[in-house]
Amino acid sequence: MSVSLRIRRDSEARWLENDPVPHQGELCMDITNHKIKLGDGFNEWSKLSYMESSGIDALREEYGNETDFILNYELFK
């Protein structure tokens with residue numbers, strides 16, 4: 001079974017300019033710094049912390065190995 005994971009993405013400047021409140025569980029990629037934040041449904045993007053590498057490793061375990069993860073990321077950026 002093939003799984004595709006879409007990640008909301010934008011530059012750091014645009015994230016800060018718009019400062020949206022990401023939905024609970026929504027993944028948000030900062031393409032300037034190549035880091036991910038996870039929405040909680042309450043806090044603006046600027047108030048959320050970046051995910052630790054262990055959180056990203058958990059995503060890779062769930063949705064595919066590193067090659068598949070990178071390939072899917074590259075396709076949807």
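Residue by residue, what Karplus-based ³J(HN,Hα) values in Hz, rounded to whole numbers, does region 8-17 have, using 6.51, -1.76 and 1.60 with θ = phi - 60° and x for Gly and Pro?
Those phi angles translate into 5, 9, 6, 6, 4, 4, 6, 4, 5, 5 Hz.
Which far-off residues, 5 or more places away or on another chain, put their amide H under 5 Å from the one on residue 11, with H placed in the peptide plane?
For residue 11, whose amide H was placed from the backbone, the distant partners under 5 Å are 31.
What list of ³J(HN,Hα) couplings, whole Hz, do you get for region 37-44 from phi and the Karplus terms 6.51, -1.76, 1.60, once you set θ to phi - 60° and write x for glycine and proline?
10, 10, x, 10, x, 10, 9, 5
Whose amide H sits under 5 Å from the amide H of residue 51, counting only residues 5 or more places off or on another chain, with H placed in the peptide plane?
36, 37, 38
Among DSSP beta bridges lying fully in region 1-54, give the percent that are antiparallel, nearest 5.
60
Bear in mind that the values in this text are calculations on the coordinates, not laboratory data. Note that the structure is predicted; figures quoted are calculated from it, not measured.
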